[in-house]
1. Looking at segment 181-227, which of its residues are among the polar types (S, T, N, Q), under 23 Å from T335 (Cβ atoms) and without any contact (Cβ under 8 Å) to a residue 60 or more places away in the chain?
2. Every residue in segment 243-256 that is within 19 Å of the chain's Cα centre (by Cα) and either open to solvent by 20 Å² or more (accessible area, probe 1.4 Å) or of a type in the set (S, T, Y) (or both), please.
3. Return the only residue of L316, L296 being over 20 Å from I225 (Cβ atoms), open to solvent by 10 Å² or more (accessible area, probe 1.4 Å) and modelled with pLDDT of 95 or more.
4. Answer yes or no: is there a residue in segment 253-265 that is in contact (Cβ under 8 Å) with a residue 60 or more places away in the chain and in contact with a strand residue (DSSP E or B) (Cβ under 9 Å, 6 or more places away or on another chain).
5. S191 passes all but one of (1) surrounded by 15 or more Cβ atoms within 10 Å (Cβ to Cβ); (2) within 25 Å of the chain's Cα centre (by Cα); (3) of a type in the set (S, T, Y); which number fails?
6. Looking at segment 207-229, which of its residues are among the aliphatic types (A, V, I, L, M) and either touching a strand residue (DSSP E or B) at 6+ places or on another chain (Cβ under 6 Å) or open to solvent by less than 10 Å² (accessible area, probe 1.4 Å) (or both)?
7. Inspect segment 123-134 for any residue being in a loop (DSSP other than H, G, I, E, B), open to solvent by less than 20 Å² (accessible area, probe 1.4 Å) and at pLDDT below 80 and give the result as yes or no.
8. Yes or no: T310 open to solvent by 10 Å² or more (accessible area, probe 1.4 Å) and under 25 Å from the mean Cα position of the chain (by Cα)?
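The values are calculated or read from the model by the stated rules, or taken from the named source; none is laboratory data. Keep in mind that this is a model prediction, so the values were computed, not measured. Don't worry about glycine lacking a Cβ; one is built from the backbone with ideal geometry, like all the others, and counts go over all protein chains shown. Just the protein is used for accessible areas: all its heavy atoms, side chains included, with ligands, DNA and RNA removed. Shrake-Rupley method; radii C 1.70, N 1.55, O 1.52, S 1.80 Å.
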Amino acid sequence: MRGWLRRLGSPLCGRSGLASRIFGFEKSPWRGFSGGSSDGPESDWRRRRRRPLSPLERLSRLLPEELLSPEVQTLRGEQPEPEGTPKAPPKDIPFQLGELVLAEIRRRRTGEFKRLWRLAPAEGALNSTWGAVPHREILGKLPGQLLRTSAGQWLRVRRPTLEEFVLLMKRGPTIAYPKDINTMLLLMDTSQGDTVLEAGSGSGGMSLFLSRAVGPQGRIISYEIRKDHHKVAKKNYQTWCDAWRIGHTVEWPDNVDFINADILTAAEDLKAITFDAIALDMLLPQNALPTVIPNLKQGGVCTVYLANITQVVDLLEVIRTSKLNLFCERIVEVTHRDWLVIPNSWRNGNIFQNSEESKPDFDDELDGHDENNDPSAEEKEHDESFVSDGTKPPYIARPYPWQTGHTAFLVKLRKFNPAYSNDVPNATC
């Protein structure tokens, strides 16, 4: 057929002609003709060789790569990295001495065990009712490891998140919960480079979240009237910064000024500063408003953390009667609803087994099954309502047996231009 087409002078023949593509004929340097769908070494050779090699390229392929100049490497299609190019720091950093470690055991119905501690010298150990783990077994390992305690329980070790550190750190007064703190940051629209005033350092939880939000270019000024609370806030902030420096390649910004003084007497010290936002977490925030609001930028937001609704009413009444240039935009109560998703077979006190035989059943170890801990008849009936009799999915989903209740009311106040104060019904939400 190919010879017949050539004798006819057809342009369909040839290595790149239509006939070659239709019939799969292609000249092979290894043997005669081969089909176009060949997967042998000659097919790879054809894909690589798109043009004839120059003598310099032929010679460069005979030499080791480390002996080639950058120009020759460029001809070979291998662009060398210029000298002095910074390389990305490694992400996987093992545990080191002085670092904060979170140990946790997740249980089926009796909640969770979480313990936060600092890695001490090698002779130290983590002690709990579930057994002990020597520090030497944790040092040098990457976060996320599963370790077995002396009592045979599986323990997960990892670095704590900022939320977990705030919930587990040593406290002076009652902390502001992270769910409320994050909402306050959203209400204030805190961003990199902002200057924020905090009245009521407490245990330092809000200060840490604000420090991360404003970044190295920002600044946080935190006032606390009580000396013991002031010390606790400073210590918790320094503990987090020291641990962060060990376990991360980038240092935590040192941008918080803790001041042990009454915010009501700080008008003279603050008159030269203009704040982008203000966060008040104190017993009577309405007393501090005349002092701090003049230093808030026009259109800036002041958020107030209050425990009960009567405090909210008192705050709005003071704003109305004192004719402050503030407008109440929102009053928010933050609620989270946690859910429990468990294997269906747990209704009978068993664990949904993994089909992979090679993996140890860590969930079985973490469960710590006890006959006294089996679900009651009422719980089983409740679980059945979430399972379709026709499909029988392997999991049950329902709200967690215990939920975090009310923590605080968050009030968002915005400063407006006093020239229009007669037209705006302030203290109105």
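1. Listed by number, the residues that qualify are N182, S203.
2. W244, R245, I246, H248, T249, V250, E251, W252, P253
3. Numbers: L296 fails: open to solvent by 10 Å² or more (accessible area, probe 1.4 Å).
Unique residue meeting the criteria: L316.
4. yes
5. (1)
6. First, pick out the residues of segment 207-229 that are among the aliphatic types (A, V, I, L, M): 208, 210, 213-214, 220-221, 225.
Matches in segment 207-229: L208, L210, V214, I220, I221.
7. Checked segment 123-134: no residue is in a loop (DSSP other than H, G, I, E, B), open to solvent by less than 20 Å² (accessible area, probe 1.4 Å) and at pLDDT below 80.
8. no
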